[in-house]
Amino acid sequence: MSPNSLPETVTVTIDGTPGEAWAGQSVTAVLVAAGIWPLRRNPVNGQLRGPFCGMGVCLECEVTINGRPGSRSCTAHVAEGMDIRTHTEPLPTAAHG
Amino acid sequence: MAESEADVAVIGGGPAGLHAALVLARGGLSVVLLDESDTLGGQYYKRRTDQLTAAFGDFRPRGTELIHRVRAAGVVVRTGTLVWGAEDAGRTLFTSDVRTGALGRITTRATLAATGAYERSLPFPGWTLPGVVTPGFALHLATMDRVPVGQRVVLAGTGPFLLPVACALLEVGARIEALVELNHPYRPSTSAIGGALRQPARLAEAARYLLTLARHGVGVEQGARVLAAHGDTQVTAVDIGQEDGGVRQLETDALCVGFGFRPSTELPRLLGCDTRADPTGTEQLPVVDADGATSVDGLYVAGDCAGIAGVHAAGVRGQLAAHAILRRLAPERAPVRLSGLRRRARALDRFAELADRLYPLPTTADIPDATQVCRCEGVSAGEIREAAATGWNDLHGTKAATRAGMGPCQGRECGHIVAALTGRNESWAECFAARMPIRPLPMAATVEGQDVP
Ligand SMILES: Cc1cc2nc3c(=O)[nH]c(=O)nc-3n(C[C@H](O)[C@H](O)[C@H](O)COP(=O)(O)OP(=O)(O)OC[C@H]3O[C@@H](n4cnc5c(N)ncnc54)[C@H](O)[C@@H]3O)c2cc1C
Ligand code: FES
């Protein structure tokens with residue numbers, strides 16, 4: 001099959017800011033494409049963490065998706081209107097300010 | 001709880017499970033194929049989502065065709081279904097729907113575990129910084145999602161897998177700042193070449209990757225390694241230790257580091273099958289006969305979870321296990337000549353052994369004490385060494401004393417490193433015990449699951 005056109009886009013909201021993503025992309029891909037790497041803090045030492053394994057093993061990529069906390073962003077795919085929230089407080093970076 | 005029955009359950013819809021399910025269903029048995037991901041294919045025949053396939057084409061058409069044949073043969077396919085526990089020699093499987101958490105129980109006459117592998121990571125200072133990832137993650141982003149993991153990327157570690165990852169990154173427009181291979185595989189000794197020549201297809205594949213890299217001006221720096229990653233909120237620079245002892249620092253947006261794969265053996269170990277140490281001495285592999293039968297009657301394993309040997313070996317091993325199960329459950333069927341499959345399996349195993357020799361792992365002795373080993377619980381190499389040195393702390397005691405391996409990933413990332421750091425006897429690899437549930441379950445399942453035996 002040969003590629004025909006660019007994929008359809010959907011609108012997702014990352015930490016309150018709306019943006020576009022290709023339908024069917026993984027949530028980590030959308031975050032990485034937006035330059036958003038830190039997704040959460042390690043509960044033990046407070047260090048910033050971001051996606052590491054990309055295959056559901058490390059659990060470093062957990063965010064809140066449509067109100068469901070502890071969602072692995074690497075195994076979730078975006079859909080129209082998806083609400084994605086990272087948990088990097090108390091040091092939010094400019095990227096998701 | 002939903003109950004169901006099948007002659008055979010195949011756990012894992014990668015190359016091994018798919019090939020096995022096809023043979024079993026064509027042999028007239030009722031087969032249920034379970035996979036926790038929402039599509040079949042496993043790591044090699046991964047599926048792009050429909051929307052991205054429509055725009056960018058089918059990533060692995062051979063996988064699509066294989067999946068089509070499996071469905072057409074009447075295999076009951078249950079994706080999004082995690083097998084989190086098992087008992088009765090694998091004849092009872094406990095499942096959970098990954099999306100809803102709904103629990104289920106499947107009763108079978110035989111079970112094939114084809115659960116694949118994880119990537120092998122080794123800790124170094126800074127490896128927990130956002131932007132430090134596994135090569136598999138970078139490959140996944142590039143091939144499935146068409147997103148480069150960074151504009152400037154450093155790739156490091158050891159193993160043939162680094163080459164296709166580098167090529168996939170180039171294809172989506174990333175610049176490879178450095179490709180750093182710990183060993184010297186690309187000027188192998190004549191004896192190694194002799195072994196590789198019996199697998200000309202694999203050799204040609206590696207040559208193709210190296211050619212693509214050369215065309216983009218990317219050289220493989222051999223005998224070098226990542227010493228540390230630096231950055232504040234995410235990785236911005238990497239120290240590379242060169243062969244001559246020098247260290248150079250590179251600026252980068254992303255660092256991918258991997259040391260090959262580790263078999264995912266929790267299910268067979270949970271069922272108590274005999275195990276043996278793998279070539280790295282930090283994993284316990286199920287002991288199997290030439291057909292993948294374990295010491296647990298009725299339980300078979302195939303593919304990377306029985307020992308890392310790659311996609312082709314996984315397919316062949318899956319077929320051999322399926323034929324063994326057919327002989328067991330439907331002996332009246334005409335015997336099939338399997339000598340060709342057996343020969344291929346042996347040749348592919350020899351090739352895997354060659355790869356093990358070409359890409360040895362570094363020792364864990366030089367992991368600095370301050371380096372975090374357990375990412376979840378933030379436990380350092382020094383704390384683990386100290387616990388192990390108390391004299392009575394074996395691997396499990398060390399886990400209890402330091403909490404290493406007790407976090408949400410349940411030791412899946414660090415278990416082999418904790419094992420290496422606490423290991424006293426090189427010939428006996430310990431590893432964390434497999435326990436139910438073998439993966440974290442959705443809360444809904446835990447609540448509903450109170451009546452699970
Ligand atoms: C991240 C990664 C990327 C890889 N990329 C490549 C590549 O590009 N090229 C290459 O040649 N090789 C690649 N490999 C190597 C690859 O693993 C093997 O070549 C091949 O896919 C092995 O096939 P398999 O059937 O044994 O396992 P896999 O293909 O790994 O399939 C195992 C399947 O089992 C499922 N599973 C595991 N546990 C459970 C459970 N408890 N319940 C339900 N389902 C479960 C998984 O979801 C998975 O789909 C990769 C490996 C990994 C880990
Ligand atoms: S990146 Fe490891 S679980 Fe998602």
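Only the coordinates and a few stated rules stand behind these numbers; no lab work does. The structure presented is a predicted model; accordingly, all values stated were derived computationally and were not measured. When we count neighbours, we look across all protein chains shown, and the Cβ atoms used for this are built from the backbone with ideal geometry, even at glycine.
Observations on the structure shown:
- Per-residue Cβ neighbour rank within 10 angstrom, fewest leading, B:402, B:390, B:275: B:390, B:275, B:402
- Likely footprinting exposure, A:58, B:167, fewest C-beta neighbours within 10 Å first: B:167, A:58
- Net +/- balance of residues flanking residue B:70 in space, Cβ distance below 14 Å, scoring K and R +1, D and E -1: +4
- Shielding by partners for peptide B:41-53, expressed as the average number of C-beta atoms from other protein chains within 10 Å of each residue's C-beta, is 3.
- Classification of the protein assembly as shown by its C-alpha gyration tensor yields a rounded form. The axis ratio a/c (a ≥ b ≥ c) stays under 1.5.
- For residue B:369, net neighbour charge (Lys/Arg +1, Asp/Glu -1) across residues whose Cβ lies under 13 Å away: -2
- Mean-position separation - Cα centroids, the range B:34-61 and the range B:396-422, in angstrom: 33
- Stretch gain in nm, segment residue B:151-residue B:102, where the contour uses 0.36 nm per residue and the Cα spacing is subtracted: 13.5 nm
- Cα point-scatterer Debye curve for the range B:196-339, base-10 log of I(q)/I(0) at q = 0.16 Å⁻¹: -1.01
- With both labels modelled 7 Å from their Cα along Cα-to-Cβ, the residue B:214 to residue B:328 distance reads 4.9 nm.
- Projecting label points 7 angstrom from Cα along Cα→Cβ for residue B:171 and residue B:186 puts them 1.9 nm apart.
- Under 5 Å between amide hydrogens, built in the peptide plane, is the criterion, and for residue B:276 it picks out B:285, B:287 among residues at least 5 positions away or on other chains.
- The protein assembly as shown: antiparallel DSSP beta bridges as a percent of all, rounded to 5: 55
- Order of B:406, A:55, B:1 under a 10 Å beta carbon neighbour criterion, fewest first: B:1, B:406, A:55
- Gain on full extension, evaluated as 0.36 nm per residue between residue B:88 and residue B:4 minus their Cα-Cα distance, stands at 28.7 nm.
- Between the alpha-carbon centres of the range A:1-77 and the range B:88-119 there is a gap of 28 Å.
- Sites residue B:72 and residue A:6 - FRET efficiency at Förster radius 41 Å, r taken between beta-carbons, to 0.05: 0.80
- Length gained when the stretch residue B:390-residue B:222 is fully extended (0.36 nm per residue, less Cα-Cα span): 56.6 nm
- Projecting the Cα atoms of B:335, B:372, B:389 onto the dipole axis of the range B:297-414, where Lys and Arg carry +1 and Asp and Glu carry -1 at the beta carbon, places B:335 farthest toward the positive end.
- Here the translational diffusion coefficient of chain B follows from Stokes-Einstein with Rh set to the Kirkwood radius across Cα pairs; for 25 °C and 0.890 mPa s it amounts to 107 µm²/s.
- Taking Lys and Arg as +1 and Asp and Glu as -1, the other residues whose beta-carbon sits under 14 Å from that of residue B:38 total +2.
- Normalising the average separation of contacting C-alpha pairs (under 8 angstrom, six or more residues apart) by the number of residues puts the relative contact order of chain B at 18 percent.
- Separation in nanometres of the label points that stand 7 Å from Cα toward Cβ, at residue B:435 and residue B:338: 3.7
- FRET efficiency for residue B:349 and residue B:400, using Cβ-Cβ distance with R0 set to 51 Å, rounded to 0.05: 0.85
- Here the sum of -39500 (n - 2.57) over DSSP H runs of 4 or more residues, divided by the residues of chain B, equals -10000 deg cm²/dmol at 222 nm, to the nearest 500.
- For residue B:254, the residues whose amide H sits under 5 Å from its own are B:152, B:154, ignoring neighbours fewer than 5 places away on the same chain, with H placed 1.01 Å from N.
- Translational D in µm²/s for the range B:330-369 (Stokes-Einstein at 25 °C, 0.890 mPa s, Kirkwood Rh from C-alpha pairs): 177
- The P(r) of chain A has a tail past 16 Å containing 53 percent of all C-alpha pairs.
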